[in-house]
Structures are given as C-alpha cells and as structure tokens.
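Each value in this text was obtained by applying a stated rule to the coordinates, not by laboratory testing. Note that this is a predicted model, so its numbers are computed, not measured. A quick note on method: Cβ atoms are made from the backbone with ideal geometry, for glycine too, and the neighbour counts reach across all protein chains shown.
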Amino acid sequence: MKFNKTIRKKTAVILLGVAFVLLFATACKKNNMTIKIGTGNEGGSYYMYAGKLAECAKDSLDIKVTTTAGSIANVRLLQKGFLDASIVQNDILYNVANQKKAPDNQQTSSLNYSAVAGLYTESVQIVVKEDSGIDSVDDLYGKKVCVGEKESGTIHNAEDILGLYGISFGDIEEFNLSLSDSKEALKNDEIDAFFFTAGAPTQSVSELSGEVSLRILSFTGEEMGKIQKKYPYYIDVTIPAGTYEGITEDIRTVGVRAVLVVSNRMSENTVRLLAENVLIYSEKLNENIATDSAYGVQELTEYIPIPYHSGAVDYYSSHGIDVDAINGSTVPIIFGGQDE
C-alpha cells in the first residue's frame with residue numbers, strides 16, 4: 001500500500017515537472033500576450049498583410065487577425081480597448097492628432113495608443129468599367145458611387161477627393177459597401193464606380209479585372225497639386241501598368257501610409273518584437289504590393305503623424321534613429337518628399 005502511494009507521489013511530481021517544462025518552453029518560444037490586431041475586410045490589404053505578419057512572426061508573437069470596417073473603426077476599437085493593435089491610414093491618425101474628424105470626438109491628450117511602424121503605401125483607387133464613360137472625378141456627379149463602408153478610411157478619402165471637385169455625397173447616389181460587395185455590384189451594373197484605399201494590387205480588384213474590363217481613374221499633375229496642397233497627408237503614387245489585367249498604362253493617384261499602432265499598455269518587449277518582425281520580413285510582407293518592396297529601418301519611421309510607443313522608440317534608437325515618444329501632447333507631422 002505504501003509502495004503504491006510512493007509511486008503515485010513520484011508520478012505526480014514527474015507530471016508536474018513535465019507540465020512546468022512545457023509551459024516554460026512555450027513562454028520562451030513565444031511572447032505570452034495574444035495580440036488582437038484590427039485590419040479590414042478579408043478582400044483587402046490590411047487583412048492580407050496582418051495574416052502574413054502573423055505567420056512570419058509566429059515563433060515570437062501570437063497575433064490574432066480581426067476583421068473590421070477599416071481605419072476609423074480600428075481607431076475607435078483600439079481607443080476603447082477592444083483591440084491590442086490596429087493598422088490605420090496615416091491621414092486618419094493625422095486628423096485625430098489635429099482634432100479633426102476624430103472618432104467619438106477623441107482628444108489628442110486622451111489617446112491611449114501610439115505608433116510602431118509605417119508598413120506600406122495605400123493607393124486611392126477609383127474603379128469603373130472601361131465602357132462606363134467615366135474618365136475623371138467630375139464624371140461621378142449624379143452617378144451611383146460606393147464611397148466605402150462607414151468607419152472605413154476609404155470613406156474619408158472619397159469625401160476629400162469628391163469635395164475638391166465640388167461634389168458632395170448628396171450629389172451622388174451614395175453606397176456604403178464592403179470591397180467584396182463593391183466588386184459584385186460593379187460587375188452587375190448596380191453601381192457605376194467605387195472608391196477603395198489599399199495596397200495595389202488589391203485582391204478583389206485583381207479578381208474583378210479578370211472578369212470585366214476596368215479603368216482606374218488617374219489624376220493629372222495639376223489635380224495632384226491641388227489635392228496635396230489642401231491635404232498634406234497624401235503621397236504621390238504611381239500604380240504601374242499591368243498591375244491589373246487589361247490596364248496597360250501607369251495610373252497616377254494619391255496614397256496614404258498604412259501605420260501599425262498599438263495600445264500604450266502593450267509591453268516594451270512586445271512592441272520591439274513587432275517592429276523587428278516588420279523590418280526583418282518586409283520583403284515578404286510587401287512582395288505583392290506593386291508600389292513597395294523591402295523596407296529599411298528608416299522607411300518604417302516615415303509619414304507617421306503620432307508619437308511612438310516606448311518599445312518602438314527603443315528599437316529605432318538601437319538603429320541610430322530618434323523618434324518622438326508618447327507624452328500626451330501632439331507631435332507635428334512632417335511630410336517630406338511629396339514632390340520627389
């Protein structure tokens with residue numbers, strides 16, 4: 001009887017030891033925190049990028065990709081603590097930092113999130129059928145136009161651009177559809193055009209270009225100048241010919257920067273790992289984005305309109321780059337190189 005008890009005790013000790021070793025090994029292999037990152041729709045670039053990042057970083061970070069309506073929703077959900085991280089357009093961050101069009105009337109001094117890295121360029125794409133007769137933004141007046149989902153970054157860009165041509169949402173038949181629904185609606189002639197802001201090529205637009213003949217509206221140099229004069233967060237972008245099937249000329253449009261932002265409560269070590277993985281795997285993460293390629297560490301810090309998390313500050317400092325840390329005040333954004 002005593003022998004059996006002894007065996008049971010030894011077995012229990014061994015099992016506990018094994019459990020401890022397994023837990024310790026897991027903790028050493030991967031950061032303990034599961035990072036819930038807000039993206040966008042499944043057909044968009046945010047979702048694709050975050051999925052790749054989760055796969056590339058799986059040995060050091062546990063990233064859970066979460067679909068949302070897009071940038072504005074991501075800011076709101078991050079601010080309210082429903083997300084740990086988000087991908088957000090830099091123009092949305094710019095407006096929040098400058099107390100313009102801030103979700104839920106957020107004030108800069110109360111923001112509880114900060115920057116990690118700039119990820120890639122998002123192109124504003126205005127998609128129409130080749131035979132639509134729509135050759136410029138002016139031609140959208142009175143047409144059925146999807147301006148993006150509510151709380152998306154796209155809807156903000158559509159409002160900016162239409163407004164420069166004197167067109168309000170009241171001057172069009174406004175639709176608020178997801179990218180996948182926009183694709184089907186244009187194919188079936190239920191809408192005449194749709195806006196979408198994402199890395200190019202965008203999967204859903206690529207699929208659509210294989211089914212119908214498309215045109216993506218291109219801006220003249222004069223139009224680009226007017227857009228950038230009024231809205232300093234837009235970058236001059238060229239989508240190369242051939243990016244989409246059947247489009248044989250370069251498309252000149254405006255773009256914004258996709259920025260990875262995180263909750264201020266995230267640990268410095270976790271944020272350092274995030275920044276490190278974005279840099280190490282930038283070539284793979286950007287391999288399907290025609291306007292970008294592998295990034296150097298300097299490029300991760302460009303076009304960022306809000307202060308950085310202390311973990312990111314530490315990471316960039318180790319590479320000889322000084323960035324502004326979160327301190328409760330607005331950091332002025334400097335948009336260099338827009339005329340290059």
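Working from label points 7 Å from Cα in the Cα-to-Cβ sense, the K187 to Q298 distance is 4.4 nm. Legend: calculated FRET efficiency, S317 to E207, from the Cβ-Cβ distance at R0 = 35 Å, rounded to 0.05, equals 0.25. Each listed q (0.10, 0.11, 0.18 Å⁻¹) maps to a log10 I(q)/I(0) for segment 179-284, found by the Debye formula over equal Cα scatterers with no solvent: -0.43, -0.52, -1.01.
Size check on segment 123-255: the Cα extents along the three principal axes, sorted descending, read 37, 32, 27 Å. Peptide packing: for 123-131, 71-79, 293-301, the average count of neighbouring Cβ atoms within 10 Å per residue gives the ranking 71-79, 123-131, 293-301, highest mean first. In this calculation the C-beta distance from N269 to N98 is compared with R0 = 45 Å, giving a FRET efficiency of 0.90.
I want to make sure I understand the PRE zone here: with the label point 7 angstrom from the Cα of L164 toward its beta carbon, which residues in segment 241-273 have backbone N atoms less than 20 Å away? Backbone N within reach: 250-258. Here the peptides 216-228, 252-264 are ranked by packing, the mean other Cβ count within 10 Å, and the order with the highest first is 252-264, 216-228.
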